[in-house]
Amino acid sequence: MRVLLIVGICVVALLVLLSAVFFRRRLLIAGGGTIRVQVRVNTLVPGRGWSAGIGQFVGDELRFHRFFSFAVRPKRVLDRRALDVCRRRVPEGPERLTMPSHWVVLLCRQAGIDIEIAMAESTVTGFLSWLEAGPPGQPG
């Protein structure tokens, strides 16, 4: 009987944790201005190290939140004013297994640091428009 109680408590705790992750994701998406995106967080092994998440446009920033995380703060913040897209390519090697075939990988540079992000090909146009746009009166 005691084992059954412990198993029941573990199952309930697991359900609460999963609910918290999905509730956090719903809150991010409900705010609007979000896209599905993957960011390469580790470059030790070629083609690996991608983290799936939600990109949230807030002013001049694209905030990257991981899908499966409890963190309230974004994992990465890309500033439109300091971000340059250097190259565009299709997923290669092991990357083809971790992202849909219609996605594009963008090699970006921010403050001298290379950042790889991947998103749907249809989303790239909107992302590039956001990147080039700016508030009135600001140099383009």
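Before moving on, here are some points about what is shown:
- Residue within segment 102-114 that is over 21 Å from Leu131 (Cβ atoms), without any contact (Cβ under 8 Å) to a residue 24 or more places away in the chain and either open to solvent by less than 60 Å² (accessible area, probe 1.4 Å) or outside the structural domain of Leu18 (by the TED database) (or both) present: no
- For segment 6-25, the condition of being part of a strand (DSSP E or B) and open to solvent by 40 Å² or more (accessible area, probe 1.4 Å) holds for none of the residues.
- Residue satisfying all of: in segment 28-50; assigned to a helix (DSSP H, G or I) and under 15 Å from the mean Cα position of the chain (by Cα); modelled with the lowest pLDDT among these: Leu28
- First in segment 123-137 and at pLDDT 80 or above, second anywhere and surrounded by 15 or more Cβ atoms within 10 Å (Cβ to Cβ) and assigned to a helix (DSSP H, G or I), Cβ under 8 Å, 6 or more apart: Trp130/Arg80; Leu131/Arg80
- Of the candidates Gly112, Gly53, the single residue that is over 29 Å from Leu17 (Cβ atoms) and of a type outside the set (A, V, I, L, M) is Gly112.
- Of all residues in segment 75-125, those that are in a strand (DSSP E or B), charged (D, E, K, R) and touching a Phe, Trp or Tyr at 6+ places or on another chain (Cβ under 9 Å) total 2.
The values are calculated or read from the model by the stated rules, or taken from the named source; none is laboratory data. In this text, all values refer to a predicted model and were calculated from it rather than measured experimentally. Quick reminder, even Gly has a Cβ in these numbers, built from the backbone with ideal geometry, and neighbours come from all protein chains shown. For the accessible areas, the whole protein counts, side chains as well, though only heavy atoms, and no ligand, DNA or RNA atoms are used. Shrake-Rupley method; radii C 1.70, N 1.55, O 1.52, S 1.80 Å.
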